[in-house]
1. Step through the residues of the range 108-124 one at a time and calculate ³J(HN,Hα) from phi using the Karplus curve (6.51 cos²θ - 1.76 cosθ + 1.60, θ = phi - 60°), rounding each to whole Hz and writing x for Gly and Pro.
2. Between R281 and E257, what is the label-point separation in nm under the 7 Å Cα-to-beta-carbon projection?
3. How far is helix 270-289 tilted, in degrees, relative to the longest principal axis of the Cα atoms in the chain, given as a value from 0 to 90 rounded to the nearest 10?
4. Lys and Arg at +1, Asp and Glu at -1: add these up for the other residues within a Cβ distance under 10 Å of T33 and post the number.
5. So how far apart, in nm, are the two label points at R25 and T188 if each is 7 Å from Cα heading toward Cβ?
6. For the pair A179 and L151, how long in nm is the line joining their label points, each one 7 Å along Cα→Cβ?
7. Relative to the first principal axis of the alpha-carbon coordinates of the chain, what is the inclination of helix 15-27, with its axis defined by its Cα atoms, in degrees from 0 to 90 and to the nearest 10?
8. Along the charge dipole of the range 180-267, which of T188, A229, G201 sits closest to the positive end, that is, farthest toward it, with unit charges on the beta carbon of Lys, Arg, Asp and Glu (+1, +1, -1, -1)?
Amino acid sequence: MSVIYDRVALIGLGLIAGSMAHAIREGGLARETVGFARSAQTREIAREIGLCDQITDSVAEAVAGADLVVLAVPVGAMGDLAAEIAPHLKPGATVTDVGSVKQSVIDAVAPHIPEGVHFIPGHPLAGTEHSGPRAGFASLFRNRWWLLTPLPDSDPQAVERLSDLVRAMGAKTDRMEPAHHDLVLAVTSHAPHLIAYTMVGVADHLRQVTDEQVIQYSAAGFRDFTRIAASDPTMWRDVFLHNKEATLDILGRFTEELFVLQRAIRMGDGQQLFDYFTRTRAIRRGIIEAGQDTDAPDFGRAAKTGG
Ligand SMILES: NC(=O)c1ccc[n+]([C@@H]2O[C@H](COP(=O)([O-])OP(=O)(O)OC[C@H]3O[C@@H](n4cnc5c(N)ncnc54)[C@H](O)[C@@H]3O)[C@@H](O)[C@H]2O)c1
Ligand SMILES: O=C(O)C(=O)C[C@]1(C(=O)O)C=C[C@@H](O)C=C1
């Protein structure tokens, strides 16, 4: 693989920046990676495990001379971070972010980006429930989508160069309007996370179901909820506070559907439940047939054969 950027600065050394550092090194995609995180302890761990070629103690030093600067901090911290790095950015550099919400990040970051620096917002649709400098791994982005939401005046060459990096890390890339991105993600990621957090909270409140029993008899569905509900609290607090309208819209629709099913159960309306679940099963099969769930090859085969 060939070098795409000379110097890449990764700011916020958690799951996403760490995975980028590994993938860039594995693919030889930059001559040098430089990392910075706010906490001294995170920087120390990053140095210890050799996450980047260099870990700096100041963010200004990290971004100085960088061709690509990646903002990989919680969504609510992006604006202040952009203001802090702005005076130190190299003319012609590209700044991108990996935030789970796009419109509020653009509103917070874009005003700070100096003339002559390209700001190209992005979002890798890949993650785990783990966070911090030890959580990253090179294959995280493989076969995953990485959405870019360029601004109307984004330089096409700079967008193409960033797309090249994303593809070289194994991801598939597409472009989207920021507001549309936020609505799509509210359906596919943000509302499901809130529902998982709530479900685990409900189990916790049921005093007759002791902690031990919840763990011992965890069925697959609930286990998946607990995995998701173990995700980083700061990251998810910020996601909901910054994608408020879209998430509330989807949760409103979710609640209406829930009442429909609740009523069907109360009325013993088996046909309604069966029809509903038949429709949702078709959606799942559509996702697998379109090759969008690489984690479920067996289920895919079973679904196609009606198993
Ligand atoms: N975890 C996921 O599944 C996932 C997936 C895609 C995108 N994202 C987005 O990527 C971003 C990073 O998420 P992550 O999962 O890597 O989080 P993480 O918690 O693993 O890492 C975030 C890092 O940023 C540091 N940090 C926080 N505020 C900072 C600041 N002001 N300056 C410098 N460093 C700071 C933290 O110390 C931490 O090391 C978030 O915006 C999140 O929405 C996360
Ligand atoms: O697999 C997981 O743990 C995730 O939750 C990853 C996930 C998602 O919802 O798919 C979470 C947040 C992101 O912004 C992108 C990806």
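1. 7, 8, 3, x, 8, 6, x, 3, x, 10, 8, 10, 10, x, x, 7, x
2. Modelled inter-label distance: 1.7 nm.
3. 30 degrees
4. With Lys, Arg at +1 and Asp, Glu at -1, the neighbours total +1.
5. Result: 3.0 nm between the two label points.
6. 1.8 nm
7. Helix 15-27 sits at roughly 60 degrees to that axis.
8. G201
Quick note: the coordinates plus some simple rules give every number you see, no bench work behind them. These numbers were taken from a predicted model, which means no experiment stands behind them. Ideal geometry is used to build each Cβ from the backbone, glycine not excepted, and the neighbour counts take in all protein chains shown.
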